[in-house]
Amino acid sequence: MERTFIAIKPDGVQRGLVGEIINRFQQKGFILVGMKFMQVSRELAEEHYGVHRDRPFFNGLVDFITSSPVVAMVWEGDGVVASARKLIGATNPLAAEPGTIRGDFGANIGRNIIHGSDAVETAQQEIALWFTKDELITWQPTMMPWVYE
Ligand code: IDP
Ligand code: MG
């Protein structure tokens with residue numbers, strides 16, 4: 001089944017939103033397959049955001065992501081990559097719809113609370129960057145027949 005990489009950024013952790021955010025993914029019916037609380041190295045942050053290396057906000061973004069702990073997670077489910085992006089909302093929280101995580105809790109593009117992979121291929125790369133294979137657990141929650149036909 002499809003998997004995506006989700007990270008609660010330092011602002012989400014500092015603001016006490018970890019439980020709220022995990023709840024939204026659980027309540028949707030997605031399956032948690034990996035999670036760790038970590039202080040991100042500059043090397044990992046630069047690699048993760050490598051696509052934005054030439055953007056004016058890159059250094060500030062790396063400073064921010066490495067400034068305080070994050071919660072890194074892998075979630076599984078049919079169509080989870082695109083669906084997680086919908087749960088998260090638009091990059092700029094001011095443009096994100098109410099009901100989305102960024103729409104409900106954010107007010108600034110540089111403090112948008114959460115990261116989610118933008119495509120299936122990106123998700124595979126990000127999962128491999130952040131997690132080792134033995135940190136990911138394949139399991140069958142007993143609720144599955146009540147979530148999937
Ligand atoms: P995404 O997180 O919705 O995929 P991207 O365009 O991939 O958005 O940008 C990655 C991250 O870079 C954003 O989540 C945000 O933290 C930061 N970012 C993007 N644009 C800006 C900006 O204009 N100013 C400050 N930070 C930005
Ligand atoms: Mg992105």
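List of remarks:
- A DSSP coil position with no more than 12 other Cβ atoms inside 10 Å describes the following chymotrypsin sites (Phe, Trp or Tyr not before Pro) in segment 53-126: PHE57.
- Stretched out straight at 0.36 nm per residue, the stretch from VAL147 to ARG42 would grow longer than its current Cα-Cα span by 33.9 nm.
- In order through segment 52-63: 3J(HN,Hα) via Karplus (6.51 cos²θ - 1.76 cosθ + 1.60), integer Hz, x for Gly, Pro: 9, 3, 8, 7, x, 8, 4, 5, x, 5, 5, 4
- Taking the Cα centre of the chain as origin and assigning +1 to Lys and Arg Cβ atoms and -1 to Asp and Glu Cβ atoms, the resulting dipole is close to 360 debye.
- Most mobile listed residue (ILE127, ILE113, ILE22) in the chain, GNM with C-alpha springs under 10 Å: ILE22
- Rounded to the nearest 20 debye, the dipole size of segment 1-52 about its Cα centre is 220 debye, using +1 on the Cβ of Lys and Arg and -1 on the Cβ of Asp and Glu.
- Per-residue [θ]222 nm for the chain (sum of -39500 (n - 2.57) over DSSP H runs n ≥ 4, rounded to 500): -10500 deg cm²/dmol
- Spin-label model, SER67 to LEU94: label points 7 Å out along the Cα-to-beta-carbon direction sit 1.8 nm apart.
- FRET efficiency for the ASP78 to ILE137 pair, using the beta carbon distance and R₀ = 22 Å, is estimated at 0.75.
- On a per residue basis, the chain carries 55 Å² of accessible surface, using protein heavy atoms and a 1.4 Å probe.
- Hypothetical label at GLN14: residues of segment 113-137 whose amide nitrogen lies under 19 Å (7 Å Cα-Cβ projection): 113-115
- Of the accessible area of segment 98-139, computed with a 1.4 Å probe over protein heavy atoms only, carbon and sulfur atoms account for 56 percent.
- Per-residue surface analysis assigns SER67 an accessible area of about 80 Å², computed on protein heavy atoms at 1.4 Å probe radius.
- The magnitude of the dipole of segment 85-149, with charges of +1 and -1 set on the Cβ of Lys/Arg and Asp/Glu and taken from the Cα centre, is near 220 debye.
- Exposure of LEU87 as accessible area (Å², to 10), given a probe of 1.4 Å and all protein chains: 40 Å²
The values are calculated or read from the model by the stated rules, or taken from the named source; none is laboratory data. Owing to the predicted nature of the structure, the values given are computational and were not obtained by experimental measurement. A quick note on method: Cβ atoms are made from the backbone with ideal geometry, for glycine too, and the neighbour counts reach across all protein chains shown. Keep in mind that these areas ignore ligands, DNA and RNA; they rest on the heavy atoms of the full protein, side chains included. Shrake-Rupley method; radii C 1.70, N 1.55, O 1.52, S 1.80 Å.
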